[in-house]
Amino acid sequence: MRQFDVYANPNPATRKAYPYIVDVQHPVLDGLATRIVIPLGRPEAFHNESMKTLSPVIEYQGEKLVLLTPQIASIPVRLLKNPVGSLSHLREEIIAAIDFAVTGT
């Protein structure tokens with residue numbers, strides 16, 4: 001598994017609002033049974049509200065999505081089947097969002 005790979009949301013109940021999740025866990029932790037992920041949500045499901053640093057709006061597959069850093073979670077690695085893409089080109093923005101969530105700066 002690669003850091004910043006994007007997966008289809010494995011939960012059908014939340015897939016409409018959160019179509020994708022991005023794996024943010026570093027490969028050095030590949031031996032764990034879980035992965036740290038951040039959901040990518042459709043802005044309209046969140047009243048188009050976002051804090052630019054904490055929850056940046058990104059474009060993926062021609063769609064604007066919000067990186068919902070406050071909803072960071074871990075999920076079992078077995079739920080992540082095949083990546084559908086990568087956000088590695090947005091590494092700095094993703095790490096800045098996580099850093100802001102932890103440090104507030």
What is the fewest-to-most order of Lys64, Lys81 by other Cβ atoms lying within 10 Å of their Cβ?
Lys81, Lys64
Out of the stretch 1-46, which trypsin sites (Lys or Arg not before Pro) are coil in DSSP terms and have no more than 14 other C-beta atoms within 10 Å?
Arg2, Arg15, Lys16
Please give the charge dipole size of the stretch 5-103, origin at the Cα centre, charges +1 on K and R Cβ atoms and -1 on D and E Cβ atoms. Round to the nearest 20 debye.
340 debye
Taking P(r) over Cα pairs in 5 Å bins from 0, in percent as the quantity of interest, determine which of [x] 2, 13, 25, 26, 20, 10, 3, 0; [y] 2, 10, 18, 21, 18, 13, 10, 4, 2, 1, 0, 0; [z] 2, 12, 19, 15, 13, 10, 9, 7, 5, 3, 2, 1, 1, 0, 0 was computed from the displayed structure.
[x]
Hey, what do the phi angles of the stretch 21-33 turn into as Karplus ³J(HN,Hα) couplings, whole Hz, using 6.51/-1.76/1.60 and θ = phi - 60°, x for Gly and Pro?
10, 10, 7, 10, 6, 6, x, 4, 9, 4, x, 6, 7
Test of the criteria: in the stretch 2-105, which GluC sites (Glu not before Pro) are in a DSSP loop and have at most 16 other Cβ atoms within 10 angstrom of their Cβ?
Glu49
Aspartates and glutamates within cross-link reach of Lys52: Cα-Cα under 18 Å, excluding same-chain residues under 8 positions apart?
Glu44, Glu63, Glu92, Glu93, Asp99
³J(HN,Hα), Karplus 6.51/-1.76/1.60, whole Hz, each residue of the stretch 68-83, x for Gly, Pro:
8, 3, x, 9, 3, 7, 10, 9, x, 4, 5, 7, 9, 7, 10, x
Among Phe100, Phe46, which comes first, then next, by fewest other beta-carbon atoms within 10 Å?
Phe46, Phe100
Residues meeting the amide H criterion for Asn9 (H placed from the backbone, H to H distance under 5 Å, 5 or more places apart or on another chain) are Tyr20, Ile21
A correct fewest-to-most ranking of Asp5, Asp99 by other Cβ atoms within 10 Å would be Asp99, Asp5
Report the gain in length on full extension from Lys16 to Thr103: 0.36 nm times residue separation, minus Cα-Cα distance, nm rounded to one decimal.
28.2 nm
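We did not get these values from a lab; they are worked out from the coordinates using the rules stated. What you see is a predicted model; the values in this text were computed from it and never measured. Note: ideal-geometry Cβ built from the backbone for every residue, glycine included; neighbour counts use all protein chains shown.
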